[in-house]
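See structure below.
The values are calculated or read from the model by the stated rules, or taken from the named source; none is laboratory data. Owing to the predicted nature of the structure, the values given are computational and were not obtained by experimental measurement. In this analysis, Cβ positions are derived from the backbone assuming ideal geometry, glycine residues included, and neighbour counts consider all displayed protein chains. Ligands, DNA and RNA are excluded from the accessible area calculation, which covers all protein heavy atoms including side chains. Shrake-Rupley method; radii C 1.70, N 1.55, O 1.52, S 1.80 Å.
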Amino acid sequence: MRRVFSSQAIQTAIEKSLPDLQKIVGNSSVRTQESVRRQFARDESHFIAPPPAVVLEPTNVEQVSEILKLCNDRAIPVVPFGTGTGLEGGSMSTLGGICISTQQIIGDPVLREQDFVCSVKPSTTRIALNDAIKNSGLFFPVDPGADASVCGMVATSASGTNAIRYGTMKENVVNLEVVLADGTIIDTKGKGRCPRKSSAGFNFTELFVGSEGTLGIITEATVKVHPRPQFLSAAVCSFPTVHEAASTVVEVLQWNIPVARIELLDTVQIQACNSYSSLNLRESPTLFIEFHGSNEKEVADQTSAVEDICKSHEALDFDSGASPDKRATLWKARHNAYYAALAMRTGARGFTTDVCVPISKLADVISETRSDLDEHEILGTVVGHVGDGNFHVILPTIEEDKTEHRKIQSFSDRLVRRALAADGTCTGEHGIGLGKRKYLREELGENTVRLMHTIKHALDPNNIMNPGKVLPEL
């Protein structure tokens, strides 16, 4: 079913289509300047691809629909592009083609306060959403670190630091407006609907969560929002080894202590954060922990219980009761961990990868991963949302050094296969994009991959939607 695109045919089709595209979105929203196209040539990943042939900036769902109708009829590949914070090359135009920037599809978030949901357009980022609803006493908890667009977070099935308590995007998406490859506009739960649960028909909402633009373009997302916690506290605890730190996390979960965030940073990552964010943390494997509650005693009880568990795992210290300013500084440092790791090496870009394993295997897999880095003398950090078994390895690399790239790619292969051998997954939240396609067959099995292709062909028979991403070749 896979269409084989010809670069010359794509370019010719686009050139002939420019007048029609200008009629749809206006002359100023058809961007062919090389300086503009290069801004959309890559995301935060290490992948390199040519810029798109043209960047379109539609302002509403109807324009997106007309663009896709035209592209589908003329066999022009299309790649949606949000804020460009992806880490697996998912929004790169590897075939040239048309890039649809969704950031001009604007509109104020629509909050249904008593229903605990909010509808957002593609231009709304997670920080902008929380700013818009902050006076309601509600907040949107999914926090991947980057200030990504909420619709882009849906497309990659993002997660983040709060997932242990509030869930990932999968648990927080209620309804989606999606434009399909032929221009059809659908609402996955019905126009304007926001039920807390439904057993009506196929679950199309979850089909598009994590589809990375291969099945359609998300032009509106209705997501859950949650009561803002009345009391918060944080703790920092360091350990002699990553194994002890990870084992602590496992026991905290076994005791069902409702921590809001629990993040692990290994020694190298702490060193990087100290330097980059001007901190003075003990340079050893460390947990950042946050507690939420409805009253001060609830938070204090959680803190005390976690402190006892930490001490039973040879904790070197346990610093709790951070002020709001100190707490904000710690989480800003955690969110900047990626850039802190890159700053360890001048001129480097980040090769970053993530896996997720069952909690029972977490300590062993993290420990083995850190040993693998050390044994092969690879500069890299281990950091993760370990409360749900998800961790990342950030590797500052010089792209032009092919020998180093092969060495790092071999490490990445070992990491993924270590996670798969532990009954885990090749990615917990970054998505598949370009970088993880080759692992899907091993993880899901041949029959499941074939079913993915069947669904792709049903929704996008001409394979114009983000071709070459997510699905491995048959």
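Structural remarks
- Of interest is the spacing of the C-alpha centroids, which for the range 43-110 and the range 270-324 amounts to 41 Å.
- Integer Hz, Karplus 6.51/-1.76/1.60 couplings in order for the range 425-430, x for Gly and Pro: 10, 6, 7, x, 7, 6
- With Cα atoms, 0 to 90° folded angle of helix 324-335 axis to the chain main axis: 60 degrees
- Gap separating the Cα centres of the range 356-423 and the range 158-178, nearest whole Å: 25 Å
- Counting only alpha carbon atoms, the long axis of helix 402-421 and the longest principal axis of the chain meet at about 70°.
- Restriction of the trypsin sites (Lys or Arg not before Pro) in the range 150-230 to DSSP coil positions whose beta-carbon has at most 10 other beta-carbons within 10 angstrom yields 191, 196, 197.
- Volume of the Cα convex hull of the range 110-227, divided per residue and given in Å³: 97 Å³
- Loop-resident GluC sites (Glu not before Pro) (DSSP state other than H, G, I, E or B) in the range 106-183 with no more than 13 further Cβ atoms inside 10 Å of their Cβ are absent.
- Among residues other than residue 275 with Cβ under 14 Å from its Cβ, the summed charge is 0 (Lys and Arg +1, Asp and Glu -1).
- Debye intensity ratio I(q)/I(0), log10, the range 54-97, q values 0.23, 0.30, 0.33 Å⁻¹ (C-alpha model): -0.91, -1.17, -1.23
- For the chain, the solvent-accessible area of protein heavy atoms averages 42 Å² per residue (probe radius 1.4 Å; ligands and nucleic acids excluded).
- Measuring nothing but alpha carbons in the range 7-104 and taking Rh as the Kirkwood radius, the Rg to Rh ratio lands at 0.94.
- Helix 61-74 axis, angle to the chain major axis (alpha carbon atoms, nearest 10°): 60 degrees
- In the distance distribution for the range 404-474, Cα-Cα pairs more than 16 Å apart total 54 percent.
- Using the empirical formula 2.2 N^0.38 Å as the baseline, the Cα radius of gyration of the chain reaches a ratio of 0.98.
- Stretch gain in nm, segment residue 12-residue 360, where the contour uses 0.36 nm per residue and the Cα spacing is subtracted: 119.8 nm
- Mean residue ellipticity at 222 nm, helices only, the chain: -11500 deg cm²/dmol; runs of at least 4 DSSP H residues each add -39,500 (n - 2.57), and the sum is divided by the number of residues.
- Close amide H pairs (under 5 Å, H built 1.01 Å from N) link residue 433 with 470, residues at least 5 positions away or on another chain.
- Annotation for the range 194-242: chymotrypsin sites (Phe, Trp or Tyr not before Pro) lying in DSSP loop with at most 16 further Cβ atoms inside 10 Å of their Cβ are 202.
- Relative contact order %, the chain, counting alpha carbon pairs below 8 Å whose residues are six or more apart: 16 percent
- Viscosity 1.306 mPa s, 10 °C: Kirkwood-radius Stokes-Einstein D of the range 335-474 over Cα pairs, µm²/s: 98 µm²/s
- Taking each residue as 0.36 nm, the span from residue 36 to residue 147 lengthens on full extension beyond its C-alpha to C-alpha distance by 37.8 nm.
- Carbon plus sulfur fraction of accessible area for the chain, probe 1.4 Å, in percent: 49 percent
- Calculated on alpha-carbon atoms, Rg and Dmax of the range 231-422 in Å: 16.6, 56
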